[in-house]
Amino acid sequence: METDRVSKISAAVGGQAGTLRHSSLLTVAPERVLEACILVVEDGQFYHLSTITGLDEGETIDVFYHFWKGNGFITVKTSVPKADPMLPSVSASLPSALFYEAEVMDMLGVVFEGNPMVGKKLLLPDAYPPQAPPPLRKEADPEKIRKMMGLE
């Protein structure tokens, strides 16, 4: 684990260091996520953003930025309110984030301010109803969405 490294970055961004499975975990406020991700990469040990994932937790959406090098992993985690799911994009600093952010936008409805794909669909069909919830949110009902799309 990279607990010393994560603790150092955590102190710099006012976050909280911990562990998540086989990964060091850095939990930060939404407004500090860009800074935290840049510090992880600038540290020099974790240069590869392998993916960005999200999880609907009911009232919030957790967003995870997964970095790795060799056998080491660091995950930066933040949470946004479901009512206003906005985060700053990290894609200008980490170009590999562009499509990962677009995927989280499509599937969970988190808007990454500054990502050039805001307003465009990556995975969802053009006919996906704008009034339907994103498909990976807990309130999404696939049967209702199929009916809205005229598939049933």
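The values are calculated or read from the model by the stated rules, or taken from the named source; none is laboratory data. On a predicted model such as this, the values are computed, not experimentally measured, just so you know. All Cβ positions, even for glycine, are placed from backbone atoms using ideal geometry, and neighbour counts span all protein chains on display.
Brief remarks follow.
- In the range 35-152, counting only strands (runs of 3 or more DSSP E) that sit wholly within it, the ones holding 2 or more residues that are within 23 Å of Ala17 (Cα to Cα) span 48-56, 60-69, 72-81, 86-88.
- Selected residue (only one of Asp56, Asp62, Asp84 is in contact (Cβ under 8 Å) with a residue 60 or more places away in the chain and within 24 Å of Pro133 (Cβ to Cβ)): Asp56
- Exactly one residue among Leu151, Leu108 is modelled with pLDDT of 95 or more and either within 14 Å of the chain's Cα centre (by Cα) or not charged (D, E, K, R) (or both), and that residue is Leu108.
- Within the range 53-100, restricting attention to residues that are of a type in the set (Phe, Trp, Tyr) and at pLDDT 95 or above, the residue that is farthest from the chain's Cα centre (by Cα) is Phe99.
- The set of residues from the range 14-48 being surrounded by fewer than 22 Cβ atoms within 10 Å (Cβ to Cβ), modelled with pLDDT under 95 and of a type in the set (A, V, I, L, M) comprises Ala17, Leu20, Leu25, Ile38, Leu39, Val41.
- Checked against the criteria, Leu26 counts as in contact with a helix residue (DSSP H, G or I) (Cβ under 7 Å, 6 or more places away or on another chain), farther than 25 Å from Pro134 by Cβ and either in contact (Cβ under 8 Å) with a residue 40 or more places away in the chain or in a helix (DSSP H, G or I) (or both).
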